[in-house]
1. Just to confirm the filter: which GluC sites (Glu not before Pro) across the stretch 191-288 are DSSP coil and have at most 10 other Cβ within 10 angstrom of their Cβ?
2. Using only alpha-carbon positions, what ratio does the radius of gyration of the stretch 6-239 give when scaled by 2.2 N^0.38 Å?
3. Taking H placed 1.01 Å from N in the peptide plane, check which residues at least 5 places from Ala20 or on another chain put their amide H under 5 Å from its amide H.
4. P(r) for the stretch 73-192: what percent of alpha-carbon pairs falls in each 5 Å bin, starting at zero?
5. Taking the stretch 301-388, how much of its Cα-Cα pair set, in percent, is spaced more than 20 angstrom apart?
6. So what is the relative contact order for the chain, in percent, with contacts set as C-alpha pairs under 8 Å and at least six apart?
7. Just want to confirm a number: the relative contact order over the stretch 1-53, from Cα pairs under 8 angstrom separated by 6+ residues, in percent.
8. Rank the residues Leu311, Leu36 as a footprinting-exposure proxy: fewest other Cβ atoms within 10 Å of their Cβ go first.
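Each value in this text was obtained by applying a stated rule to the coordinates, not by laboratory testing. This one's a predicted model, so the numbers in the text were calculated from it and none came from an experiment. All Cβ positions, glycine included, derive from the backbone under ideal geometry; neighbour counts span all protein chains shown.
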Amino acid sequence: MSEYLIELKNIGKRFGGVRALDDVSMSIRPGEIHCLAGENGSGKSTIIKVMSGVYTPEEGQIFIDGRPVSRLDPIKAVQNGIQVIWQDFSLFGNLTVAENLALNTYILEGRSRMDWARARRMAREVLTKLDVDIDIDADVETLPTSGKQIVAIARAILAKARLIIMDEPTTALTRHEVDSLFAIVRDLQAQGIAVLFVSHKMREMLEISERLTVFRNGKKVAEGPMSDFDEPAITRAMTGLELEEEPYVANISPGATPALEVKNLCVPGMIEGIDLDLRPGEIVGVSGLIGSGRTELARALFGMENASADLFRIDGRDVFPRSVQDAIDLGIAYVPEDRLSEGLFLTQSIERNMVVSIMDRLRKGLFLDRGAMREKTEEMFASMEIAAPSADTAVGNLSGGNAQRVMLGRWLLTGAKILILNGPTVGVDVGSKAKIHKIIRNLARKEGLAVLMISDDVPELTGNCNRIHVMHDGRFVAHFESPGMSEEEINNSLKTLK
């Protein structure tokens, strides 16, 4: 009997003239928690699809339980216990938890009718096995991200999974939800189920995984027990570079007029009594659990909520944004957390996504000034360091980091002086994250932009902010200032709010 559940040897895969995987070998043992890391475009998704039978490699061999598999397809992969939980979970939102959990089993059994009593029994049993409490009669679309993830894991267990591949499973989770997920992963391991944890979050890799494989440019560049790695070593393997960020130090002129000053900002039922000031050149952080009011705060400042305040002052002027257009006219820009559904036009070009914020300024009579459009776009394309063939590239074809930089470029074209960032590096790899941080710091330090950075990534906040507020139940409940603030203090503050 082989010591490996699945083993890939010398795998090669091409798409047209692009070599996506180049002589890649990796293996996973039964009951092992294994992490696969790499930047976007490194080959992680391609190797997952090879393991799950979606792609057939042109070179190399696949072994399951030590036996060669001549042609692995998705059905054969599932029959061998290989299950993938993709980032979108592939669930039916309009069906209940019980229906989603039973559906695959019934399809495999060739049933044409739903046995409701059995479906509910199956759902209760598998959720009890995971030691979680979810309403099995709730529609999946009503569940939070963490709940959907649990349903996807439960569905894999019902399909007799021996290897569960989790693709970026913590992207939209709070730290508390990550802790709960890790408890489930360790429980799966205790049941002999292997987990391939695909991520670019280094601290989570170090916390949960026993073994690590790192890809770069379609090749395996590092592999070994997690005890052989630390954050700098993983970063070097993923990027081939040394990425070190010194804590941000704000250049603030003594007595400078605040770019934004707010007193007693309220949104009924959402936030209450918020006092906030941002000075030119400052990066101020906000953290808190989901539901704390941090997104509602951002939306209120951007004129998207029915807000009130005793004082709302920009550059010393008493104003109040009653709409998004008011906020833009006042020099406020907002980059939302979910750039895909709230921020970008995925089928449109980089150019169109960027200039949409300044269309009125680009009119020449009844038409748009195409030359000015291209000039503005090319200028921002370069300053945002966007990696794409041209400004005509559709945004949907970009990596997460490049798409986020398109969003930043769009709002900077408006001449904004106040930049609100909600989850600025959610879903981007370590290299892109460092580039985005560099851009934000330069905008604050060199251009005098006042930045409000909202994030549940505490290291991101401590590394880039000179002040941090912690939110809970719509209020600021703790404050930290640099120098002297630490990740441990802020994490401890967040833990008390659970």
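1. Details: sites: Glu204, Glu207, Glu210, Glu223, Glu242, Glu244, Glu245, Glu261, Glu272, Glu282; in loops: Glu210, Glu242, Glu244, Glu245, Glu282.
Answer by residue number: Glu242, Glu244.
2. 1.02
3. Amide H neighbours of Ala20: Lys13, Arg14, Phe15.
4. 2, 11, 22, 25, 23, 12, 4, 1, 0
5. When all Cα pairs of the stretch 301-388 are counted, 51 percent exceed 20 Å.
6. Values: 978 pairs, mean separation 75.8, N = 498.
Relative contact order here is 15 percent.
7. Computed value for the stretch 1-53: 31 percent relative contact order.
8. Least crowded to most crowded, the residues run Leu311, Leu36.
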